[in-house]
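Have a look at the structure below before the remarks.
The values are calculated or read from the model by the stated rules, or taken from the named source; none is laboratory data. Since this is a predicted model, take the numbers as computed values, not measurements. Note that each Cβ is placed from the backbone with ideal geometry, even for glycine, and that neighbours are counted across all protein chains shown. In case anyone asks, the SASA skips ligands and DNA or RNA and just uses the protein heavy atoms, side chains included. Shrake-Rupley method; radii C 1.70, N 1.55, O 1.52, S 1.80 Å.
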Amino acid sequence: MHNTSSDIGTVNAEKMFPRAFFFENLFFFFFRVISRQFSNPKGLQRSFSNVHGVHGKYQKYASLSFRSDLSTKTLVFNVEGTLLKSYSLFPYFMLVAFEAGSLLRALVLFLSYPFICLVGQDMGLKIMVMVCFLGIKKESFRVGSAVLPKFFLEDVGLEAFEELKRGGRKVAVSDHFPQVMIESFLRDYLDVNCVLGRELKTSCGYFLGLLEEKKKEMLNLEEILGEDSVISHDIIGISRLNSSLDHPLFSHCKEIYLVKRVDKRSWQHLPRDRYPKPLIFHDGRLALRPTPLATLALFMWVPFGFVLALIRAAMALTLPYSMSIPTLTFTGVKVAISRPKLSPSALRSSKENESKKGLLYVCNHRTLLDPLYLSFALKKNFTAVTYSLSRLSEILSPIRTVRLTRDREQDAKMMERLLNQGDLVVCPEGTTCREPYLLRFSPLFAEMSDDIVPVALDAHVSMFYGTTAGGLKCLDPLFFLMNPRPSYTIQLLDGVSGLSTCQDSDKSRFDVANYVQSEIGKALRFECTKLTRRDKYLILAGNEGITCNQR
């Protein structure tokens with residue numbers, strides 16, 4: 001009786017609200033269609049039991065770990081099916097659209113996403129390639145080497161990496177990723193010998209947004225796999241179950257190990273300390289992985305974040321320290337400062353300082369806002385010397401900034417004069433570094449003052465990076481302030497004596513610079529390196545950082 005009345009109630013509800021039930025059924029219909037596309041993409045139907053029954057060379061991936069002879073074999077593996085944990089290609093193409101294109105191009109790709117899911121993987125891939133690459137200049141495309149490696153490395157499965165590392169010669173193939181997106185990541189960071197991705201059509205030096213047809217015949221097979229491997233057939237393939245094995249190289253494999261979806265789900269992410277080559281430099285504005293949901297949140301936040309950044313900047317530029325700090329905290333900007341006991345030279349009274357040089361604050365460099373945040377934290381004005389700063393940033397800066405010339409004698413005289421006028425801030429790395437590493441410190445500061453205060457700085461963002469090597473530097477502060485809750489941690493360390501009055505000492509300016517670098521590294525738990533500004537810009541922008549865009 002209860003069920004009958006319930007059914008009658010449902011029928012009456014359908015009669016009273018026919019449109020509501022129609023849209024509800026329509027929603028669930030599209031949800032099922034999209035779910036099928038993700039769980040069983042078109043053109044990728046393959047049963048492990050079937051292929052194993054027809055071809056004896058197909059084996060389960062788990063049995064690969066019992067082999068002890070991989071060091072003498074050539075491993076041919078599928079990138080998206082074997083190496084990466086995620087099955088979605090969308091985040092990587094979104095990075096290309098946003099970083100190599102524009103916000104508008106990224107928006108077009110995001111709006112196309114539902115249609116991409118419906119049309120199947122092959123057609124969806126062509127749509128993403130068209131949206132992301134059409135009209136992009138081939139020569140200036142650096143996203144594959146400067147941006148994507150970070151996100152690829154964070155998606156590598158530890159278990160797959162361990163097996164591939166045991167192999168001799170490693171050949172990576174991809175049925176979906178263009179060559180320009182994966183080659184740098186695999187060669188430079190995972191030591192893969194050969195990378196074979198999809199080729200893009202070009203005209204007059206620009207990408208046309210079209211994929212070249214897959215080559216069914218592979219030329220120079222000995223060059224790709226190695227002559228010894230081709231002769232002895234010591235070639236092992238690794239791919240994902242239910243994945244296409246149409247690539248010509250798999251036909252030359254003596255054995256092929258297939259990875260199940262359930263296996264990849266249990267894999268761990270490759271820890272940073274296990275990277276074959278440390279990731280020190282990377283570029284791009286996006287700090288988050290642009291999955292569909294994260295991209296939706298991004299586009300919903302951008303209008304509000306832009307207005308919020310302008311409000312935050314206006315507060316910092318106009319209000320006194322006593323008002324700006326709590327007001328900025330209320331808007332989500334966090335500043336944490338710690339002040340351990342400083343050396344006696346750093347704690348001199350203002351009367352003792354009247355006839356002497358000011359304090360020299362030596363900071364590591366995280367963003368262009370480092371001196372400004374230090375000024376807020378200490379509630380005092382001082383001068384900051386910079387190696388490269390946009391004219392707009394110089395005009396808007398609430399503290400005095402002086403540009404260095406990179407001529408040692410001229411810069412030494414300038415810093416000497418500024419120290420006689422008051423306290424001075426310098427970032428001897430010469431450029432910013434996002435990762436937990438410190439670049440080599442220029443030793444010039446060690447000769448300028450005996451009152452050196454090392455300052456350890458670290459910045460945290462969740463959505464946008466406030467630094468760039470290839471973009472507009474004048475937008476760096478804006479992007480940093482657009483984050484929902486940007487934060488800075490500032491640690492004042494014990495004072496260090498310089499060489500200005502210790503010319504006969506055994507210490508050199510390099511010893512002082514290295515010591516200050518090591519102390520800041522210990523405080524932040526960062527690794528010290530000998531890399532320089534020039535190394536960074538050669539890797540990320542293809543220049544030495546002298547004529548880079550600083551507008």
| message | Checking the table Lys150/Lys170; Lys277/Lys530; Lys201/Lys254; Lys85/Lys201; Lys357/Lys413 against a 23 Å threshold on Cα-Cα, which pairs fail? | response | Lys201/Lys254; Lys85/Lys201
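For the pair Arg534 and Leu158, what calculated FRET efficiency results from E = 1/(1 + (r/R0)^6), where r is the Cβ-Cβ distance and R0 = 25 Å, to the nearest 0.05? Don't jump to the answer; show the numbers that get you there.
Values: r = 34 Å, r/R0 = 1.36.
Plugging the Cβ-Cβ distance into 1/(1 + (r/R0)^6) gives 0.15.
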| Whole-Hz ³J(HN,Hα) from phi, Karplus 6.51 cos²θ - 1.76 cosθ + 1.60, for the stretch 416-430, glycine and proline x | 4, 5, 5, 5, 5, 8, x, 5, 9, 10, 9, 10, x, 5, x
| note | Here the net charge surrounding Gly205, from other residues whose Cβ is less than 14 Å away from its Cβ (Lys, Arg +1; Asp, Glu -1), is +2
| So, in Å, what gap is there between the alpha-carbon centers of the stretch 403-429 and the stretch 243-319? | 40
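Ordered by packing density, taken as the mean number of other Cβ atoms within 10 Å over each peptide's residues, highest first, how do 105-115, 439-449, 272-282, 163-173 rank? Write out the running numbers ahead of the final one.
On the way: 105-115: 16.7, 439-449: 22.5, 272-282: 14.4, 163-173: 19.8.
Answer by packing, highest mean first, reads 439-449, 163-173, 105-115, 272-282.
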| request: Between beta-carbons, use under 14 Å as the cut-off and find the net charge around Arg289, counting Lys and Arg +1, Asp and Glu -1. | output: 0
| Per residue, how much accessible area does the stretch 52-202 show when a 1.4 Å probe rolls over the protein heavy atoms, in square angstrom? | 37
| task | Normalise the Cα radius of gyration of the stretch 230-333 by 2.2 N^0.38 Å (N = residues in it) and let me know the number. | result | 1.96
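Looking only at Cα atoms, what is the convex hull volume of the stretch 432-507 per residue, in Å³? Each step should come with its number before you reach the end.
On the way: hull volume 9.7 nm³, N = 76.
Output value, Cα hull per residue: 127 Å³.
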| field | Total formal charge among the other residues, if their Cβ is under 14 angstrom from that of Ile325, Lys/Arg +1 and Asp/Glu -1 | value | +4
